[in-house]
Amino acid sequence: MVNNRDKLVELFSQISANDIADIEETDVIESKCGIPSYQYYKQHKKIQRTAILNINVFENYGINILIHPNRTVSETEFERWCESYDSVKWIYKNGDKGDEYFSLVYRKAFRHAHFYSDYIIGLENGDVWIIEAKGGMTDDGSSNNVDSYANRKFEALKEYGEEHPEIKWKFVRAIGLQLYLSNTVWCEIATNRNVWKPIEVFI
């Protein structure tokens, strides 16, 4: 049993990802959260900042933050798009660990886990959006999403959106320089145009 630890962890993770496992529900604690007064973001050590992204909620948020592995392609393209789109008033890159950041609970293996959505943005018309970025498409047309729990997180955010209709939400994926969004169902196939719509359709 001890020698097979890694195999058992992988097996139970696959069971959860495929919606086979069933666990007992437990109470989830809810608390209010907001944008923190300061936040640490990794910057590329060897590349100097050449521009500031002005609509980020923090000052001196440099473009050298948007470099792999600090950001995925989908995240980088989404932040660039927000910077250039007139209707976006501000953007906040959420943290990925800690009680001070916005998170939702989803089911992972035989326990609950926290899902920290990537972005919260505000539009000029007052709308607030929660955005989660996932991998898009490889050269051969297959998905390059590496998150086996993407469908669980999608459903968690969808449920939150239904409970809070004043908040809008989407999952975003980059295919080349084009961004596609969905808030209907999770579909691994990024080229499915019945699910993934160009970002301009929504915002």
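Evaluated against (1) under 21 Å from the mean Cα position of the chain (by Cα); (2) at pLDDT below 50, ALA21 falls short on exactly one condition, (1).
Quick grid of which residues meet (1) surrounded by fewer than 14 Cβ atoms within 10 Å (Cβ to Cβ); (2) modelled with pLDDT under 90; (3) of a type in the set (Phe, Trp, Tyr):
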position: ALA17; (1), (2), (3): no, yes, no
position: THR26; (1), (2), (3): yes, yes, no
position: ILE47; (1), (2), (3): yes, yes, no
position: ALA51; (1), (2), (3): yes, yes, no
position: LYS93; (1), (2), (3): no, no, no
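For the stretch 161-203, the set of residues classified as part of a loop (DSSP other than H, G, I, E, B), among the β-branched types (Val, Ile, Thr) and either in contact (Cβ under 8 Å) with a residue 60 or more places away in the chain or more than 13 Å from LYS134 (Cβ to Cβ) (or both) consists of THR184, VAL185, THR191, ILE203, listed by residue number.
If the condition is being at pLDDT 90 or above and either touching a helix residue (DSSP H, G or I) at 6+ places or on another chain (Cβ under 6 Å) or among the aliphatic types (A, V, I, L, M) (or both), then the stretch 95-111 contributes LEU104, VAL105, TYR106. Residue selection: PHE58 satisfies the criterion of being outside any strand (DSSP E or B), among the aromatic types (Phe, Trp, Tyr) and free of Cβ contacts under 8 Å to residues at least 40 places away in the same chain.
Say we look at the stretch 61-89 and pick out the residues that are in a helix (DSSP H, G or I) and among the polar types (S, T, N, Q); which of these is nearest to the chain's Cα centre (by Cα)?
Just the residues of the stretch 61-89 that are in a helix (DSSP H, G or I), to begin with: 63-65, 73-84.
Now drop any that are not among the polar types (S, T, N, Q), which leaves 64, 74, 76, 84.
On the way: ASN64: 20, SER74: 9, THR76: 12, SER84: 20 Å.
Checked the stretch 61-89; the qualifying residue nearest to the chain's Cα centre (by Cα) is SER74.
Selection within the stretch 61-84: residues that are touching a residue at least 24 places away in the same chain (Cβ under 8 Å) and of a type in the set (Phe, Trp, Tyr). The member of this set that is surrounded by the most Cβ atoms within 10 Å (Cβ to Cβ) is PHE78. Among strands (runs of 3 or more DSSP E) entirely within the stretch 99-158, having at least 1 residues that are within 13 Å of SER74 (Cβ to Cβ) and hydroxyl-bearing (Ser, Thr, Tyr) singles out 119-123.
The values are calculated or read from the model by the stated rules, or taken from the named source; none is laboratory data. What you see is a predicted model; the values in this text were computed from it and never measured. Heads up, the Cβs are rebuilt from the backbone with ideal geometry, glycines too, and the neighbour counts pull from every protein chain shown.
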